[in-house]
1. At each listed q (0.14, 0.16, 0.21, 0.24 Å⁻¹), what is the log10 of I(q)/I(0) that the Debye formula gives for segment 159-226 modelled as equal alpha-carbon point scatterers?
2. Could you work out the local net charge near S53, counting Lys and Arg as +1, Asp and Glu as -1, over the other residues with Cβ closer than 14 Å to its Cβ?
3. Under the Karplus relation 6.51 cos²θ - 1.76 cosθ + 1.60, θ = phi - 60°, what is the ordered set of whole-Hz ³J(HN,Hα) values for segment 198-203, x standing for Gly and Pro?
4. I'd like the Karplus ³J(HN,Hα) series for segment 33-49: coefficients 6.51, -1.76, 1.60, θ = phi - 60°, whole numbers in Hz, and an x wherever there's a Gly or Pro.
5. Starting with the highest mean, order 161-169, 122-130 by the number of other Cβ atoms within 10 Å, averaged over the residues of each peptide.
6. Out of every Cα pair in segment 89-133, what percent are spaced more than 13 Å from each other?
7. Ranked from highest to lowest mean number of other Cβ atoms within 10 Å per residue, what is the order of the peptides 49-55, 140-146, 189-195?
8. Taking a ≥ b ≥ c as the square roots of the Cα gyration tensor eigenvalues, with a/c under 1.5 meaning rounded and otherwise prolate when a/b beats b/c, else oblate, which class fits segment 95-227?
Amino acid sequence: LHDDKVFLLSRGGYPFDDSAVFNKYFWTGIAVFAVLFGLIIRRRRDIVFFASSGYILFLFPSLQLFGRFIYNASIYDRYLSIALLSVCILFERGFASIFLKAKQLRFYAAAFLIAVMTIFFVITALYVPTFHSDIDSTRNSYEKFPDWPSGAFNYVSSLIEAGRLEEAWDITMREKTFASPSWVRSYFKGWIYFQQGKLEQAIQTLSYSSVFTVNEGYFPFPSIPLG
């Protein structure tokens with residue numbers, strides 16, 4: 001607030017192009033959804049077809065056939081539970097069919113099912129420690145997907161929140177994915193300065209970073225410590 005005028009630190013959320021582009025990608029998406037939806041309604045009592053369609057339908061957006069009309073692909077992971085449930089239905093129907101119609105295969109099917117469940121149990125038990133803390137979880141993503149910008153971003157954020165500033169600074173200065181968008185590296189530097197009590201450097205760096213989030217339409221991360 002200055003001279004009775006309000007200057008916003010930043011605006012907007014994720015980069016999102018909400019313009020309607022009725023191109024070939026949009027019409028392809030509409031056509032596929034219309035066909036699948038019609039078939040599901042027509043064969044709604046066929047649970048195998050329903051499960052197959054559910055798997056395809058909820059993964060279809062991730063193919064990016066929509067082009068710019070629905071660009072924010074990050075929302076699609078919310079629906080993966082539907083696709084996974086569809087796979088489970090198909091798996092269950094397959095085993096149910098074996099137990100009902102192929103009696104000679106029951107023993108082998110049961111043995112296979114027990115083996116699969118045992119393997120999954122062991123894998124899950126070994127993976128649980130990954131979620132012991134925010135640092136463990138984000139480090140796991142960072143190490144498994146080194147080229148994924150969000151992995152490094154979340155890991156450094158968790159390090160700063162935990163007070164491990166030297167580690168956070170080291171990654172911030174050498175992480176290649178922080179080169180773009182242009183506000184990320186300065187955001188982390190400013191946040192670390194703030195945590196170290198270097199307020200003058202923090203304000204200067206975070207202000208610089210905030211300008212870029214405004215211009216590029218990102219969520220106002222730098223505005224939080226700056227405010």
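Rule-based calculations on the coordinates, nothing more; no lab input. Computed from a prediction, not measured in an experiment: that's the story for all the values here. A quick note on method: Cβ atoms are made from the backbone with ideal geometry, for glycine too, and the neighbour counts reach across all protein chains shown.
1. For segment 159-226 at q = 0.14, 0.16, 0.21, 0.24 Å⁻¹, log10 I(q)/I(0) is -0.36, -0.48, -0.82, -1.04.
2. Local charge sum for S53: +4.
3. Taking θ as phi minus 60°, the curve returns 8, 5, 5, 5, 5, 5 Hz for segment 198-203.
4. 5, 5, 5, 5, 5, x, 5, 5, 5, 5, 10, 5, 8, 8, 5, 5, 5
5. Order by mean packing, descending: 161-169, 122-130.
6. Percentage above 13 Å: 63.
7. In decreasing order of mean packing, 49-55, 140-146, 189-195 become 189-195, 49-55, 140-146.
8. Taking the square roots of the gyration eigenvalues as a ≥ b ≥ c, segment 95-227 is prolate.
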